[in-house]
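The values are calculated or read from the model by the stated rules, or taken from the named source; none is laboratory data. Worth saying up front: this structure is predicted, and the values here are computed from it rather than measured. Here the Cβ positions follow ideal geometry from the backbone for every residue, glycine too, while neighbour counts run over all protein chains shown. When the accessible area is computed, the model is the full protein with side chains, heavy atoms only, and any ligands, DNA or RNA have been set aside. Shrake-Rupley method; radii C 1.70, N 1.55, O 1.52, S 1.80 Å.
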Amino acid sequence: MAARALASVTVTFGMVSIPVKLYAATSPQAGISFNLLHGACGSRLKQQYLCAKEGVVVERADMVKGYEFAKDQYVTFTPEELKEMEEKGTQMIEISEFVPAESIDPIYYDKAYFLGPDKGGAKPYALLAESMRQSGQTAVGRYAARGKQYIVQLRAIPGGIVMQQLLYAPEVRTIQDVGIEAAPVRDNELALAKQLIAQISSKAFDPTQYEDEVRKRIEAAVQKKVEGQEIAISESPSESGGAQVIDLMEALRASLEKTSGKRAPAKTATAEATPADSRPTSSQRKPPKKIGPEPEVRRKAAKR
């Protein structure tokens with residue numbers, strides 16, 4: 001089925017204008033959602049808003065929007081005041097700069113849209129796509145829609161151009177907020193890890209190799225319910241008592257054996273010494289060699 005355009009816009013950079021159409025690149029509606037029902041009669045429920053102070057249901061016509069500037073203190077805005085603050089839509093994607101494609105961290109990626117040439121825009125559209133493709137550059141600009149202003153990236157892909165909506169800097173947290181503990185990595189551990197990575201590497205990411213198993217289970221369960229069948233409920237797995245402490249080197253070797261079917265490399269000289277509790281016990285040790293009298297002493301004893 002042919003894609004349906006969401007809007008007609010114009011991409012501008014310098015004195016060049018490219019009429020394009022905007023298409024959704026993803027299908028969120030493809031997900032499965034459930035409705036809330038009344039358990040007693042099976043009817044759908046309606047959402048209502050209650051006043052926290054008076055405990056009464058508040059109709060939408062009696063609602064106002066407010067911003068909490070201090071604990072339980074708000075300033076309110078009328079719909080007209082909120083409308084005044086909105087960004088005016090210009091139906092323009094204004095390119096402000098070109099940057100290397102790898103300079104934009106994917107963590108800034110938000111929604112994605114396809115751009116297709118509109119009437120009279122095929123030639124400049126193809127020119128922009130090919131010039132970005134050959135130069136390895138992507139375009140960064142601004143786009144206003146639905147009262148908001150977005151920062152966007154235009155990048156060339158095989159067959160066309162994608163408009164990637166980006167997050168603003170304050171919307172992205174830093175890894176320093178996580179508080180990661182520093183841990184030294186030994187050369188032999190790194191070598192085994194790199195060997196494991198090489199064994200399970202592919203030339204390119206193929207999304208068709210991955211399926212949403214949860215979605216498939218839900219669809220099958222829904223069909224069973226429609227047909228009047230019951231759903232078997234399995235016992236919940238028991239929770240473990242905490243994270244399992246493992247030997248990193250042994251885990252890497254076991255992973256290599258599992259992926260290659262070959263014997264893992266022998267331990268190197270840098271491996272840790274055998275712990276005391278794994279040394280042979282007294283019953284496992286060889287008995288000491290019996291020591292008798294010297295041969296000369298035995299011969300003298302025989303003459304007597």
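The condition (being at pLDDT 90 or above, farther than 30 Å from residue 93 by Cβ and loosely packed, with under 13 Cβ neighbours inside 10 Å) is satisfied by just one residue among 225, 203, 216: 203.
Conditions (1) of a type outside the set (Ser, Thr, Tyr); (2) modelled with pLDDT of 95 or more; (3) assigned to a loop (DSSP other than H, G, I, E, B), marked per residue:
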residue: 33; (1), (2), (3): no, no, yes
residue: 42; (1), (2), (3): yes, no, yes
residue: 53; (1), (2), (3): yes, no, yes
residue: 61; (1), (2), (3): yes, no, no
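Residue-wise test of (1) more than 37 Å from the chain's Cα centre (by Cα); (2) open to solvent by 90 Å² or more (accessible area, probe 1.4 Å).
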site	(1), (2)
11	no, no
18	no, no
52	yes, yes
65	no, yes
96	no, no
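The number of residues in segment 82-97 that are without any contact (Cβ under 8 Å) to a residue 60 or more places away in the chain and in contact with a strand residue (DSSP E or B) (Cβ under 9 Å, 6 or more places away or on another chain) comes to 7.
Scanning segment 169-197 for residues that are more than 30 Å from residue 141 (Cβ to Cβ), of a type outside the set (D, E, K, R) and exposed (fewer than 10 other Cβ atoms within 10 Å of the Cβ) yields a total of 8.
Is it true that residue 22 is of a type in the set (A, V, I, L, M) and more than 23 Å from residue 91 (Cα to Cα)? It is false that residue 22 is of a type in the set (A, V, I, L, M) and more than 23 Å from residue 91 (Cα to Cα).
Look through segment 67-94, keep the residues that are among the aromatic types (Phe, Trp, Tyr) and more than 20 Å from residue 149 (Cβ to Cβ), and return whichever of them is surrounded by the fewest Cβ atoms within 10 Å (Cβ to Cβ). Looking at the filtered set, the residue picked out is 69. On the basis of being of a type in the set (Val, Ile, Thr) and open to solvent by 70 Å² or more (accessible area, probe 1.4 Å), does residue 138 make the cut? So residue 138 does not fit the description; no. Of all the listed residues (154, 166, 128), the sole one being open to solvent by less than 90 Å² (accessible area, probe 1.4 Å), over 19 Å from residue 15 (Cα atoms) and touching a residue at least 12 places away in the same chain (Cβ under 8 Å) is 166. With the checklist (1) crowded, with 17+ Cβ neighbours inside 10 Å; (2) among the basic types (Lys, Arg); (3) modelled with pLDDT under 95 in hand, flag the one item residue 146 doesn't pass. If we test residue 146 against (1) crowded, with 17+ Cβ neighbours inside 10 Å; (2) among the basic types (Lys, Arg); (3) modelled with pLDDT under 95, just (1) comes out false.
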